[in-house]
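Scroll down for the structure; my scribbles are underneath it.
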């Protein structure tokens, strides 16, 4: 408990009905709550004031506003709040959001129309910061991070350990660099690849010129064998769907070490089978139980050739 530094709440506006909370399991029904024991205390303490803000009847809403969500990441300098709204906030909405952020000590509050849209800041009181080893990341709004600090630390230790003495590492699906930056230890040369330009920009700033990045959709255009030959280790941490297309390309290489991080044992098993058919051996595997009160499991694995 008291472990998760990020959360996503669901919001419903339907005429005068306004609900804020979690979606029930496999349902669109919103369940309201007063607190959440798996969140870090500072994040759980935001539930009541945030619910009051999102349900404020003194603010104007379109008659058929629909549903949205509130993603919050508790950074080292305060909460980073991202509102996904089915309407564009007017001036009064923006002003009240800024006042709310200041009242709860948030670092930043932003909004967007959907998950594919860029976020627009409504108020920035402090630039959000996250530590990654000896580096400091200033993440973009909505940036993905592991759901617990302890889980992130355990996975990072595994990735760095499994990379061994590799000197040139390619980090695929790197995001803002939570693995990329710690891999820079021991004077490694590390390249981060992802299709999130704002996360890559945050990685370059945090790496202070030591990280090369590449913007690329690895699902549609994976790195090919002739682009991977120069590396002696490849790391990949894909979404739940896994990295089938990319693993098919890695399997055709002679990269000595491949480090996989996965939150889905089904897609991991498929990707592992692809690598093994390509001549790799699964030599290390470490499960990380960072999803309290759920059957979900994260893992890190090492394949060698």
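Any read-out appearing in this document is the output of simple, stated calculations on the displayed coordinates, not a laboratory observation. Only a predicted model underlies this, so the values are computations on that prediction, with no experimental measurement involved. All Cβ positions, glycine included, derive from the backbone under ideal geometry; neighbour counts span all protein chains shown.
Brief remarks on what is shown
- Rounded if a/c under 1.5, otherwise prolate or oblate - segment 172-296, Cα gyration tensor axes: oblate
- Spin-label pair residue 99-residue 26: with each label point 7 Å from Cα along the Cα-Cβ axis, the two points sit 4.4 nm from one another.
- Working from Cα pairs under 8 Å separated by at least six residues, relative contact order for the chain is 12 percent.
- Extended-chain gain in nm, criterion 0.36 nm per residue less alpha-carbon gap, residue 294 and residue 8: 101.3 nm
- Short-range pairs are left out: with C-alpha atoms under 8 Å and at least six residues apart, the relative contact order of segment 114-212 is 27 percent.
- Whole-number D in µm²/s for the chain (Stokes-Einstein; Kirkwood sum over Cα pairs; 25 °C, 0.890 mPa s): 119 µm²/s
- Among 176-182, 95-101, 33-39, the order from most to least packed when residues are scored by Cβ within 10 Å on average: 176-182, 95-101, 33-39
- Overall, the anisotropy analysis places segment 81-145 in the oblate class: the square-rooted eigenvalues a ≥ b ≥ c of its C-alpha gyration tensor yield a/c not less than 1.5, with a/b not exceeding b/c.
- The Cα center of segment 280-305 and the Cα center of segment 197-270 differ in position by 17 Å.
- Nearest-ten-degree value, helix 91-103 long axis tilted from longest Cα axis of the chain: 70 degrees
- Label-to-label distance, nm, for residues given as residue 216 and residue 59 (7 Å Cα→Cβ offset): 4.2 nm
- Helix 197-207 vs. the chain, principal-axis angle (Cα, 0 to 90°, nearest 10): 70 degrees
- Size descriptor for segment 6-126, Kirkwood hydrodynamic radius: 14.6 Å (Cα pairs only, one decimal).
- Distance from the C-alpha centroid of segment 74-114 to that of segment 121-169: 23 Å, rounded to the whole angstrom.
- FRET efficiency, residue 286 to residue 189 (Cβ-Cβ, R0 30 Å, nearest 0.05): 0.75
- Only DSSP H runs of four or more residues enter the estimate; each adds -39500 (n - 2.57), and after division by the residues of the chain the mean residue ellipticity at 222 nm equals -7000 deg cm²/dmol.
- Prolate/oblate/rounded label for segment 1-42 (Cα gyration tensor, a/c 1.5): prolate
- Fewest-first sequence of 227, 298, 215 by Cβ atoms within 10 Å of each Cβ: 215, 227, 298
- Percent RCO, i.e. relative contact order, over segment 10-121, from Cα pairs under 8 Å lying at least 6 residues apart: 21 percent
- When both bridge partners sit in segment 88-247, DSSP labels roughly 35% of those beta bridges antiparallel.
- Compared with the dominant principal axis of the Cα atoms in the chain, helix 265-277 is inclined by about 20°.
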